[in-house]
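Input: a single structure, listed below in structure tokens.
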């Protein structure tokens, strides 16, 4: 499977969760769309693009369990989350509830909005260690108050790679009349998703991660009742040129001239995974993550913070490491161990600091093997031995 990607033979790439490269067939599909655009841009934008986007919406909607008319394409989940934030009305004293496992960019988005509106971002600390999804839901919902105006929560967390019980939290939020926005870039393809069954109001996601669609391909799901007045963060012409009936999507399809080839290549990425078996992809990558769990625990002597079950982690796992002698890096700076793993061993893997704990976050895809995990474990062993 490694031959399906451009990853150099001397690189051990275990960071698909951050930047997931596309296989050859997806790159080729994108190049074909770019050729159509460049060959006759006027014809492409005025007569082809909207129909082609609708086809891509149909493929994506089937894959994530949503009606195509409830989806819009955006560059990534960060863009999608900013759109949600720009369309939420907050007043002084209102609250937005999230968890302490959220992605740093998501926390920054909501902190900024709460600061501007004099609302409050409530960051709920989840149980540690985690042993029960019901306990997580109970603990999280304890922080709901009469002032809670929105819940923001990850489907699969970024720093800790934990699958959270978002469907149960969405069910409880709906009973209380509180809208919920799920940040789901790690869940797409890694997990089977049915957005209509989850019952969320918004779902923000990137397709360049586990789906291996091109960089710049993301989407936002919006519940029907909230679509009519939703506005993009960029104001442009809106409208539709194809002459079709007006839609809430029109403001998002025309936000200035841009290359839509990443969106249009999403069906190729879906077909690539399906051709190799999605269930097989999920099983094999989880088994690799499970193997990483065993090998790195042997090296570190530290236990994972979640049970050893596919209900808690899938193709990606974060495992604690000794802190070492150095101070934790400042925000925006890499841990020296991450640079050492690259400079000495050509291993690409993130070293994450969260809640005073240092983690190595291992992502597994079809091009990875146990040899990659062994290479990482041996390099970690050598580096940790030298630092003590």
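The values are calculated or read from the model by the stated rules, or taken from the named source; none is laboratory data. Just so it is clear, the structure is predicted and the values come from calculations on it, not from any experiment. FYI the Cβ positions are ideal-geometry reconstructions off the backbone, even for glycines, and counts take in every protein chain you see.
Return yes or no: is residue 268 under 16 Å from the mean Cα position of the chain (by Cα) and more than 24 Å from residue 110 (Cα to Cα)?
Taking the combined requirement at face value, the residue does not satisfy it.
If the condition is being farther than 13 Å from residue 206 by Cα and either in a loop (DSSP other than H, G, I, E, B) or free of Cβ contacts under 8 Å to residues at least 60 places away in the same chain (or both), then the range 69-96 contributes 85, 87, 88, 89, 90, 91, 92, 93, 94, 95, 96. Only a single criterion out of (1) touching a residue at least 40 places away in the same chain (Cβ under 8 Å); (2) closer than 27 Å to residue 200 by Cα is not satisfied by residue 310, namely (1). Scanning the range 285-295 for residues that are surrounded by 14 or more Cβ atoms within 10 Å (Cβ to Cβ), part of a loop (DSSP other than H, G, I, E, B) and in the same structural domain as residue 363 (by TED's automatic domain parsing) turns up nothing.
For the condition within 30 Å of residue 31 (Cα to Cα), surrounded by 20 or more Cβ atoms within 10 Å (Cβ to Cβ) and modelled with pLDDT of 95 or more, what is the one hit in 170, 187?
The conditions single out 187.
The residues listed here are 179, 159; of these, the one that is touching a residue at least 40 places away in the same chain (Cβ under 8 Å), in contact with a strand residue (DSSP E or B) (Cβ under 7 Å, 6 or more places away or on another chain) and under 22 Å from residue 16 (Cβ atoms) is 159.
Please tell me if residue 215 is surrounded by fewer than 23 Cβ atoms within 10 Å (Cβ to Cβ) and assigned by TED's automatic domain parsing to the domain that holds residue 50. Yes; evaluated as a whole, the condition is true for this residue. Evaluated against (1) at pLDDT 95 or above; (2) surrounded by fewer than 21 Cβ atoms within 10 Å (Cβ to Cβ), residue 130 falls short on exactly one condition, (1).
Taking the range 60-85, which residues are more than 24 Å from residue 150 (Cβ to Cβ) and either surrounded by fewer than 16 Cβ atoms within 10 Å (Cβ to Cβ) or not assigned by TED's automatic domain parsing to the domain that holds residue 121 (or both)?
The initial filter retains those residues of the range 60-85 that are more than 24 Å from residue 150 (Cβ to Cβ), namely 60-63, 68.
The answer is 62, and nothing else.
All of (1) in a loop (DSSP other than H, G, I, E, B); (2) crowded, with 24+ Cβ neighbours inside 10 Å hold for residue 203 with one exception: (1).
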